[in-house]
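Data first, discussion second: the structure below is written as structure tokens.
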Amino acid sequence: MNSSTSSSETDPGWGRSLAACMGTLIGAAMLVLALMVVVDPYDSGKLGLLGIDGVDNRLTQITAASRARDPNFNAAILGNSTAQMIEPEALSRATSLRFVQLYTTGSAPREQLAVLDFFLRNHKQVGALVIAADPGWCVHARPKEEGAPFPYWLYDTSVVIYAVRLISWQAIEQAFQRLGIGLGWRQRMNPDGFVSYEDIWPPGQFKEANAPRDPVRAVSARAAFPEIRALQDVVRKLQADVPIVIIVPPTFAATVPISGTDLALERGACDAALKAVIAGRARSNFISYRVDNALTRDRDNFVDFIHYRPKLARRIGQGIIASLRDGESAKIDF
């Protein structure tokens, strides 16, 4: 009688080959995970046994974690690329603080708050915070996240959630970059995080792009700013002597809301909510640099409608330094 059973089902060698293949794959995965645990590819501080300092990558959403936990700094600058040109070294020289730049390109407020939370968890003593609040802070409802997903898992408290993300090509690449730093084959990025975009967008160019999008809503709803409320919840938990400077970055004058319009009223309501965050704090201040004046009318001071060049960044830095010294009575030259 003919049997309908295939030879592959009765051949014990086939089963042994499959088991060996699976064992090899599992073994390889375990070796990769062991490498990730030893190296800690993102320098998160959650893992790592080799004591390698820093990272070498331009993906700011990832590299901010390494800087945010660095014990050599006790003060931070937060925001998206509209905070990028504020030089931490200049702030550090003028104060007794040690500033690190934690901007994350293209980030929304909730993502910046995740970075801030990570910084605060890794620094029991905080010297100061500088927050650049672009129009994204003025929304009345938290928008859906679009584009590439932000790596919340990197800034999360869970080691398990972090470890699960380490079996990926990106993590493997990061691990070898970190090994290169440890072996002296690669240079780590600037530890304080400052990267000028003047190298990418040289002077004399103005791109007709990135005009700010200001949210507008009925006057009766202008008191509701969920992103600012989330920031206020964080600030309330800080020690009372931690100074905070909140700035509204400058934009090209043509984008500044005209006085008396709905946009201007909306901007005023948002500014008031931001100013309330630092109310009563010593050596703290709210400064809006989003004004129409000779500086903001000059295209040579901007890359595009929202990204300003070093001349304005230096003025902003001086205002921050004055605010950390004199609080709301600081003289702002802009």
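Couple of notes before you dig in:
- Flag if Asn293 is buried (at least 19 other Cβ atoms within 10 Å of the Cβ) and free of Cβ contacts under 8 Å to residues at least 60 places away in the same chain: no
- Just one of (1) in a loop (DSSP other than H, G, I, E, B); (2) under 16 Å from the mean Cα position of the chain (by Cα); (3) crowded, with 20+ Cβ neighbours inside 10 Å fails for Ala148. It is (3).
- Taking every residue in region 228-244 that is farther than 20 Å from Arg98 by Cα and pairing it with any residue that is aromatic (Phe, Trp, Tyr) and at pLDDT below 95, at least 6 positions away or on another chain, yields no pair with a Cβ-Cβ distance below 9 Å.
- Hits in region 296-311 (condition: over 21 Å from the mean Cα position of the chain (by Cα), in contact (Cβ under 8 Å) with a residue 60 or more places away in the chain and assigned to a helix (DSSP H, G or I)): Arg299, Asp300
- Selection status of Gly45, touching a Ser or Thr at 6+ places or on another chain (Cβ under 9 Å), part of a loop (DSSP other than H, G, I, E, B) and surrounded by fewer than 18 Cβ atoms within 10 Å (Cβ to Cβ): yes
- With respect to the stated conditions, Ala272 fails to be under 24 Å from Lys237 (Cα atoms), assigned to a loop (DSSP other than H, G, I, E, B) and either of a type in the set (Gly, Ala, Ser) or modelled with pLDDT of 95 or more (or both).
- Cβ pairs under 7 Å, 6+ apart, first in region 260-284 and at positive phi, second in a helix (DSSP H, G or I) and surrounded by 15 or more Cβ atoms within 10 Å (Cβ to Cβ): Arg283/Leu324; Arg283/Gly327
- Residue check: Val234 meets all listed conditions (1) closer than 23 Å to Arg315 by Cα; (2) touching an Asp or Glu at 6+ places or on another chain (Cβ under 9 Å); (3) surrounded by fewer than 18 Cβ atoms within 10 Å (Cβ to Cβ); (4) at pLDDT 95 or above but one, namely (1).
Okay, residues lined up against (1) under 20 Å from the mean Cα position of the chain (by Cα); (2) surrounded by 16 or more Cβ atoms within 10 Å (Cβ to Cβ); (3) touching a residue at least 40 places away in the same chain (Cβ under 8 Å); (4) over 21 Å from Tyr103 (Cβ atoms):
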residue	(1), (2), (3), (4)
Ile167	no, no, yes, yes
Ala171	yes, yes, yes, yes
Arg178	no, yes, yes, yes
Leu183	no, no, no, yes
Gln187	no, no, yes, no
Asn190	yes, no, no, no
Val195	yes, yes, yes, no
Glu198	yes, no, yes, no
Pro215	no, yes, yes, yes
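The values are calculated or read from the model by the stated rules, or taken from the named source; none is laboratory data. Predicted model only: the values in this text are computed from it and were never measured. Positions of Cβ are backbone-derived with ideal geometry, glycine not excepted, and every protein chain shown enters the neighbour counts.
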